[in-house]
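So the structure is just underneath, and the comments pick up after that.
Every number here is computed from the coordinates shown, using simple stated rules; none is lab data. From a predicted model like this one, the values you see are computed outputs, not experimental measurements. When we count neighbours, we look across all protein chains shown, and the Cβ atoms used for this are built from the backbone with ideal geometry, even at glycine.
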């Protein structure tokens with residue numbers, strides 16, 4: 001019924017958010033992992049939604065991406081895991097972590113979710129193992145690790161440049177010297193500094 005809801009974030013109450021769209025406030029349950037990714041109040045947000053129809057209520061569940069919503073739908077297709085169980089699992093495991101846990105048959109990780117026992121976790125793994133995109137998830141994980149590694153290297157380089165300027169070298173001299181160093185992922189700022197000083201000594 002609702003593919004997504006886009007509007008302004010009006011309220012956050014535990015694991016529920018309120019989005020104002022076309023003068024209507026939609027109350028949407030989200031995993032706790034989504035809470036950390038939300039914008040500030042009164043800023044625009046889009047949540048991809050799943051509508052759970054019950055005899056006594058219509059309940060909306062929201063996710064940041066279509067892929068996360070589809071994973072939630074796969075979770076609740078497993079007998080014994082309703083929307084609350086699916087939300088609990090995605091609150092303690094990110095979608096990427098959950099897919100890798102299923103790939104590795106790590107029922108202990110899934111059992112950390114409140115209300116999810118060992119048998120249910122094993123059943124979830126058995127039923128979903130052939131239905132998920134592991135290759136894409138692993139590639140995304142590798143990409144994320146590569147980005148984090150690159151950020152770490154940049155920080156070590158910046159620290160080395162700062163150390164050189166504190167020793168009296170100009171910013172230009174410091175950057176030029178550091179640029180001549182062949183920086184590897186295991187090098188610390190002190191290693192880069194020592195090699196840069198060797199170039200400056202000539």
The chain: most fluctuating residue of 52, 186, 104 per GNM, C-alpha cutoff 10 Å = 186
Write down the radius of gyration of the range 66-133 and its Dmax, each obtained from C-alpha positions, in Å.
-> 10.1, 28
Across 10 Å bins beginning at 0, the whole-percent shares of Cα-Cα pair distances in the chain come to 8, 26, 21, 16, 15, 11, 3, 0, 0
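Using the count of nearby Cβ atoms within 10 Å as a rough guide to exposure, how do 20, 187 rank from fewest to most?
Working: 20 15, 187 18.
Least to most surrounded, the residues fall as 20, 187.
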Going by C-beta contacts inside 10 Å, put 172, 8, 65 in order with the fewest on the left.
-> 172, 65, 8
Euclidean distance of C-alpha centroids, the range 83-106 and the range 1-25, integer Å = 24
Note down the nm distance, to one decimal, between modelled labels 7 Å out along Cα→Cβ at residue 165 and at residue 11.
-> 4.8
At q = 0.17, 0.22, 0.24 Å⁻¹, base-10 log of I(q)/I(0) for the range 2-113 (Debye sum, equal scatterers on each alpha carbon) | -0.80, -1.23, -1.40
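Which whole-number percent is the relative contact order of the range 1-104 (Cα, under 8 Å, 6+ apart)?
For the range 1-104, the relative contact order is 23 percent.
Pairs of alpha-carbon atoms within less than 8 angstrom and 6+ residues apart define the contacts here; what relative contact order does the chain have, in percent?
On the way: 256 pairs, mean separation 24.3, N = 202.
Taking the mean separation of contacting Cα pairs over the length of the chain, I get 12 percent.
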In cubic angstrom per residue, the convex hull of the range 4-63 built on its Cα atoms measures 80
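Going by how many other beta carbons lie within 10 Å of each one, how would you line up 69, 54, fewest first? Spell out each step's value before the answer.
Working: 69 20, 54 8.
Fewest to most other Cβ atoms nearby, the residues stand as 54, 69.
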